[in-house]
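Nothing in this text is a laboratory measurement; each read-out follows from the coordinates by a stated rule. Every value quoted in this text rests on a predicted model; they were computed, and no experiment measured them. As a convention, Cβ positions derive from the backbone with ideal geometry for all residues, glycine included, and neighbour counts pool all protein chains shown.
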Amino acid sequence: MNDPLDRRRWLQHCTAGLGAIALRELGGFGSPGDGERPRPHFAPKCKRIVYLFQSGGPSQLDLFDHKPLLNEKNGEELPASVRRGQRLTGMSGNQATLPLAGAQFRFARHGECGREISELLPYTARIVDELTFVRSMHTEAINHDPAITFFQTGSQIAGRPSLGAWLSYGLGSDNRDLPAFCVLVSKDKGGQPLYARLWGNGFLPSQHQGVQFRPGKDRVLFLADPDGVDRSVRRAMLDSLRELHELRRERDPDPALTARIEQYEMAHRMQMSVPEVTDLSDEPAYVFDLYGDDAREPGTYAANCLLARRLLERGVRCVQLYHKGWDQHGGLPRAIRTQCRETDRASAALVIDLQARGLLDDTLVVWGGEFGRTNYSQGKLTANDYGRDHHPRCFTIWMAGGGLRKGHVHGETCEYGYNIVADPVHVHDLQATILYLMGIDHERLAYFYQGRDFRLTDVAGKVVRPLLA
């Protein structure tokens, strides 16, 4: 080994090999070999997950966490004893006053569980007995990019594998013709930008990255054959390319070569599977009545919810939806009505549809954003208008599906809706619980990289047992 590059490669392979041996000794996941299917650590409650991510931070105070005291004290200053010197963003931290803002929307109790839900969510209100609410979520990030990255990858710093990538790596797929991890982003939405790294593979092998489905002619980019190249020519080209990669892999057993081969083959199979799964023409009229008229328009949130169901029932392990526009620093009453009108019916329809098809019992549905909103108004508070700044201290998400306590509320916030007073749930706790429901011990799902083991929950996280049935 006179070539320093060869020495470097040899050392790299030795290190990775020792890491893989250590992982197997610890009972964790090692990189599966060719044809070897990963297995869960224990019997899963759920086989698949759909995460309805509401980007921007929905206001829990206007949707799920009713605080009558805010209406009573509307316009009064946020007490220092409530704030406790906690940091604010630069957008409201320099305001002369922080006036409390009561929700302008009525709340009512629904279902046998008697859960209080805002009038903005009439369809969600109808399924509350199927839902599990967490009112005591909290995060470390106070701005969008690190906060979304934290939820999706377990780190505020970009570059780590996403939740879907970890699930693909740890559990594989139940459909060899579709990716284990698919991503759908609502079209024509303003707001905070979303990046492909949010559904990226990070340092995991590249076949575990999320594959984005889009509206329009090319539902998955670069999947169609080039003009003048028919399917048989493409197949012959892939066969030849595979032979070349196999020859190279005999000399250099680089996992990246295996990943590249697998991706080429998956793309070829997807040329048949993607047109079939994205063609909604075989859906009966009652399904569109359930999801709403928007479901007929590709790329809308409703259409993506319907497509998510079709992907899930075909064995896709993880479907991630992103819907932007919840970042309401001003004009919240008007803007949040629009957001709820776009998402409420379809979110509830997805739960109902999964249940009707016998899929909800082994599907996990998660709905929520990267943080909540403040109990005070950002900017001027008027009789008909207010805004809310970012609030990482406490916010609400909901979940549905197998293994959860239905109609249950976990956690409690103070009467001002500013601090958690019972049963806090950290982002890593939520991630650990999601993995547990999927049959994975979050402390054992690890990947050896740059000299140490990495995991989705880093060195923290605990399963939130009270959420479990």
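Worth a mention:
- Cβ-derived FRET efficiency at R0 51 Å, Asp458 paired with Asp239, nearest 0.05: 0.75
- Fraction of antiparallel bridges per DSSP, the chain only, in percent to nearest 5: 50
- Note on Arg444, Arg452, Arg357: ascending count of other Cβ atoms within 10 Å places them as Arg452, Arg357, Arg444, the fewest first.
- Kirkwood hydrodynamic radius of region 299-386, from inverse mean 1/r over distinct Cα pairs, in Å: 15.0
- Region 177-198-region 57-132 distance, computed between alpha-carbon centres (Å): 28
- Average projection area in nm² (convex hull over Cα atoms of region 88-233, one quarter of hull surface): 14.4
- In terms of surrounding Cβ atoms within a 10 Å radius of their Cβ, Val366, Val50 rank from fewest to most as Val366, Val50.
- Exposure proxy shown here: for Ser168, Ser81, the number of other Cβ atoms within 10 Å sets the order, fewest to most, as Ser81, Ser168.
- Figure legend: label point modelled 7 angstrom from the Cα of Arg87 along Cα→Cβ; residues of region 361-383 with amide N under 18 Å from it are 370-374.
- log₁₀ of I(q)/I(0) at q = 0.18, 0.26 Å⁻¹ - region 376-469, Debye sum with one point per alpha carbon: -0.91, -1.32
- Note: region 145-300, Cα convex hull, 151 Å³ per residue.
- Scoring 171-182, 257-268 by mean Cβ neighbours within 10 Å over their residues and listing the highest first yields 171-182, 257-268.
- Acute angle (nearest 10 degrees) that the helix 4-25 long axis makes with the longest principal axis of the chain, alpha-carbon atoms: 60
- Stretch gain in nm, segment Ser155-Ala224, where the contour uses 0.36 nm per residue and the Cα spacing is subtracted: 21.3 nm
- Take 55-62, 118-125, 303-310 and order them by the average number of nearby Cβ atoms within 10 Å per residue, most first; the result is 55-62, 303-310, 118-125.
- The value of relative contact order for the chain, using C-alpha pairs under 8 Å at least six residues apart, is 29 percent.
- Cα gyration tensor shape for region 39-132, rounded if a/c is under 1.5, else prolate or oblate: oblate
- Ser232-Glu265 pseudo-label distance in nm [points 7 Å out on the Cα-to-Cβ vector]: 2.3
- Shape class for region 254-358, computed from the alpha carbon gyration tensor (a ≥ b ≥ c): oblate, with a/c not under 1.5 and a/b at or below b/c.
- Taking label points 7 Å from Cα along the Cα-to-Cβ direction, Asn143 and Cys113 give a separation of 3.6 nm.
- Radius ratio Rg over Rh of region 176-262, counting only Cα atoms, Kirkwood formula for Rh: 1.04
- Residue pairs exceeding 27 angstrom between C-alpha atoms, taken from Lys73/Lys462; Lys217/Lys324; Lys406/Lys462; Lys187/Lys462: Lys73/Lys462; Lys187/Lys462.
- Remark: region 80-91, residue by residue, has Karplus-estimated 3J(HN,Hα) of 4, 5, 8, 5, 6, x, 5, 5, 10, 6, x, 7 Hz, where x stands for each Gly or Pro and the curve is 6.51 cos²θ - 1.76 cosθ + 1.60 at θ = phi - 60°.
- Computed from backbone phi with θ = phi - 60° and the Karplus coefficients 6.51, -1.76 and 1.60, the 3J(HN,Hα) list for region 453-464 is 7, 10, 8, 4, 8, 6, 10, 10, x, 9, 5, 8 Hz; x is used for glycine and proline.
- Around the amide H of Asp423, modelled in the peptide plane, lies no amide H under 5 Å away from a residue 5 or more places distant or on another chain.
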